[in-house]
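This report refers to the structure that appears directly beneath it.
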Amino acid sequence: SAVISQKPSRDICQRGTSLTIQCQVDSQVTMMFWYRQQPGQSLTLIATANQGSEATYESGFVIDKFPISRPNLTFSTLTVSNMSPEDSSIYLCSVNRGGADTQYFGPGTRLTVL
Amino acid sequence: KQEVTQIPAALSVPEGENLVLNCSFTDSAIYNLQWFRQDPGKGLTSLLLIQSSQREQTSGRLNASLDKSSGRSTLYIAASQPGDSATYLCAVRRIGNQFYFGTGTSLTVIP
């Protein structure tokens with residue numbers, strides 16, 4: 001299994017501000033994934049973060065809005081920039097681990113934008 | 001694009017009943033399929049993973065099956081308990097690292 005922690009667990013932010021979410025994994029992984037779960041919805045992949053290279057963003061998500069850092073093999077950050085109420089969601093990081101490539105998730109960051 | 005659908009969206013059963021959750025996907029070219037549970041306001045907990053070459057996986061009271069040709073998977077929960085109340089999500093992984101999540105089934109087990 002994988003132990004993944006996220007900070008903060010929740011936050012309430014004002015429109016127009018930015019929030020950086022941290023994700024820490026208990027051991028080295030090649031790729032880390034960032035997901036968004038809007039209220040009442042399922043998960044949508046935002047981007048894949050590889051150490052030492054630019055993150056790969058999914059359709060509908062751009063680097064200016066969701067800049068990602070991946071400084072080493074156990075840590076990543078996702079910033080939600082210039083926030084609006086529509087950004088209110090749970091943000092989750094994820095890794096693959098094991099021979100079966102099981103996907104493991106962090107506990108999530110619940111963001112509310114006023 | 002892969003689309004993943006889960007039926008029903010919500011299910012309420014009395015304690016002790018056996019139940020089946022359904023997941024369907026449109027593109028059979030998958031690498032694996034994984035079932036998760038999500039408790040309110042929490043992250044996802046992995047329950048079972050089925051590789052594309054496998055038919056089923058079992059863990060305790062849970063059994064997941066996969067029929068890749070028909071684009072379907074089921075999660076069978078035996079002798080349901082109130083602690084099983086949660087949202088259950090299936091996720092399909094394609095070759096590479098693209099995951100597609102279903103819409104989830106919200107399960108309530110009534111004591």
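Rule-based calculations on the coordinates, nothing more; no lab input. All values reported here derive from a predicted model rather than from experimental measurement. Because the Cβ atoms are built from the backbone with ideal geometry, glycine has one as well, and the counts that use them run over all protein chains shown.
Things to note:
- Given charges at beta-carbon only (K, R positive; D, E negative), |dipole| of the stretch B:35-103 in Debye: 180
- Residue-wise HN-Hα couplings along the stretch B:54-61, as the Karplus relation 6.51 cos²θ - 1.76 cosθ + 1.60 with θ = phi - 60° gives them from phi, are 9, 9, 7, 9, 10, 8, x, 7 Hz; Gly and Pro carry x.
- As a calculated quantity, the FRET efficiency between A:Gln38 and B:Thr45 at R0 = 25 Å, using C-beta atoms, amounts to about 0.80.
- DSSP finds beta bridges in the protein assembly as shown, and of those with both partners inside it, around 90 percent are antiparallel.
- Taken about its Cα centre, chain A carries a charge dipole of about 220 debye when Lys and Arg each add +1 at the Cβ and Asp and Glu each add -1 at the Cβ.
- Calculated FRET efficiency, B:Tyr31 to A:Ile63, Cβ-Cβ distance, R0 = 35 Å: about 0.85 to the nearest 0.05.
- 3J(HN,Hα) couplings calculated from phi for the stretch A:55-62 with the Karplus curve 6.51 cos²θ - 1.76 cosθ + 1.60 (θ = phi - 60°) are, in sequence order, 5, 9, 9, 7, 4, x, 10, 10 Hz; Gly and Pro show x.
- At R0 = 45 Å, FRET efficiency that the Cβ-Cβ distance of A:Glu54 and B:Val20 yields, to 0.05: 0.55
- Put a dot 7 Å past the Cα of B:Asp67, heading toward its Cβ, do the same for A:Gln14, and the two dots end up 5.7 nm apart.
- B:Ala86 long-range amide H proximity, modeled H, under 5 Å: B:Leu107
- Label sites at B:Lys1 and A:Gln22, each approximated as a point 7 angstrom past Cα along Cα to Cβ, lie 3.4 nm apart.
- Charges were assigned to the Cβ only: +1 to each Lys and Arg, -1 to each Asp and Glu. The resulting dipole of the protein assembly as shown about its Cα centre is roughly 200 debye.
- Partner shielding of B:98-107 amounts to 3, given as the average count of beta-carbon atoms from other chains within 10 Å of each residue beta-carbon.
- Here the 3J(HN,Hα) profile of the stretch A:26-34, calculated from phi with Karplus coefficients 6.51, -1.76 and 1.60 at θ = phi - 60°, is 6, 8, 5, 9, 6, 10, 10, 10, 10 Hz, Gly and Pro shown as x.
- When the trypsin sites (Lys or Arg not before Pro) in the stretch A:1-60 are filtered for DSSP coil states and for at most 16 other beta-carbon atoms within 10 Å of their beta-carbon, the remaining sites are A:Arg15.
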